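See structure below.
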Amino acid sequence: MATVIQETLPTPLDSTSSPPPLFDGTTKLYTNYNCPYAQRVWITRNVKGLQDKIKLVGIDLQNRPTWYKEKVNPANKVPALEHNNKITTESLDLIKYVDSNFEGPTLLPDDPRKREYGEELLSYTDTFNKSVLISIKDANAEDGAPFDYLENALSKFGDGPFFLGQFSQVDIAYVPFVERFQLLLLDVKKYDITMGRPKLAAWINEMNKLEAYKHTKRDPQELVAGLKRLLFG
């Protein structure tokens, strides 16, 4: 696993900020430090040791620069990657893109069965996120099913602690959301997602040891407050 360079995060750009030079040969990751989708690509960059190759450009999502939508991403969302004179968006696509197009450790196992299962798990991420968010907003909802799915997935190959045995794109895709859901469910419903799920507990513990991920984590209280504003107004 690549060693993470401790870096000073650039100040996010807002509506008063001028755009950075576009398509000047510099690879840029347009991100927001609190966004779980952008965090996926940030982790991928760090794991592969690309801190010097991919420059972070923070975007203030509460006060977005008008040029961002006009010049970078018409969807006006992060993440977006500027590389080889084109812009690529969507976090799952970008995990794969950075893994395939840059140096550093590969983030998929060689075993074709594991690769196939990895695609299945990646395709489930949106369903997982939506299911958990629905349960959080409904005080009477049953919270466990999405996390039972992860517990079973972590048991698939028996060579953990990661989903595909070795650390992979799948772990990166899930961890920003599991991090937030664990905090939010404890706060809102006093529900511990690791209770009765030893594989999930071990996975979270192992992920928290990874410098490439730890460097992207934000203040837990700040995350919970932001999520509660988003979900409950």
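Scanning the range 196-208 for any residue that is surrounded by fewer than 19 Cβ atoms within 10 Å (Cβ to Cβ), of a type in the set (D, E) and more than 27 Å from N140 (Cβ to Cβ) turns up at least one such residue. Looking at this structure, is Y97 in contact with a strand residue (DSSP E or B) (Cβ under 7 Å, 6 or more places away or on another chain), within 24 Å of Y213 (Cα to Cα) and of a type in the set (F, W, Y)? Spelling it out, Y97 is indeed in contact with a strand residue (DSSP E or B) (Cβ under 7 Å, 6 or more places away or on another chain), within 24 Å of Y213 (Cα to Cα) and of a type in the set (F, W, Y).
Residue check: is Y174 assigned to a helix (DSSP H, G or I), aromatic (F, W, Y), at pLDDT 95 or above and surrounded by 18 or more Cβ atoms within 10 Å (Cβ to Cβ)? So Y174 fits the description; yes.
Checked against (1) surrounded by fewer than 17 Cβ atoms within 10 Å (Cβ to Cβ); (2) assigned to a loop (DSSP other than H, G, I, E, B), I193 passes all but a single condition, namely (1).
Close contacts from the range 51-66, counting a first residue that is closer than 19 Å to D24 by Cα and a second that is polar (S, T, N, Q) and loosely packed, with under 15 Cβ neighbours inside 10 Å, with Cβ to Cβ under 6 Å and a gap of 6+ residues or different chains, come to K55/T26. Look at (1) without any contact (Cβ under 8 Å) to a residue 12 or more places away in the chain; (2) in contact with a helix residue (DSSP H, G or I) (Cβ under 8 Å, 6 or more places away or on another chain) and you find that T8 fails only one, number (2). Among the residues of the range 78-122, the ones that are more than 22 Å from L150 (Cβ to Cβ), of a type in the set (D, E) and touching a residue at least 40 places away in the same chain (Cβ under 8 Å) come to 2 in all. When the range 157-195 is limited to residues that are within 16 Å of E120 (Cβ to Cβ) and of a type in the set (S, T, Y), the one that is nearest to the chain's Cα centre (by Cα) turns out to be Y174.
Being closer than 22 Å to Y213 by Cα and surrounded by fewer than 21 Cβ atoms within 10 Å (Cβ to Cβ) is the filter here, so list the residues in the range 155-171 that pass it. If the condition is that a residue be closer than 22 Å to Y213 by Cα and surrounded by fewer than 21 Cβ atoms within 10 Å (Cβ to Cβ), then D159, G160, P161, F162, G165, Q166 are the ones that fit.
The values are calculated or read from the model by the stated rules, or taken from the named source; none is laboratory data. Predicted model, so just to flag it, every value in this text is computed and none were measured. Cβ sites come from the backbone with ideal geometry, for glycine too, and all protein chains shown count toward neighbours.
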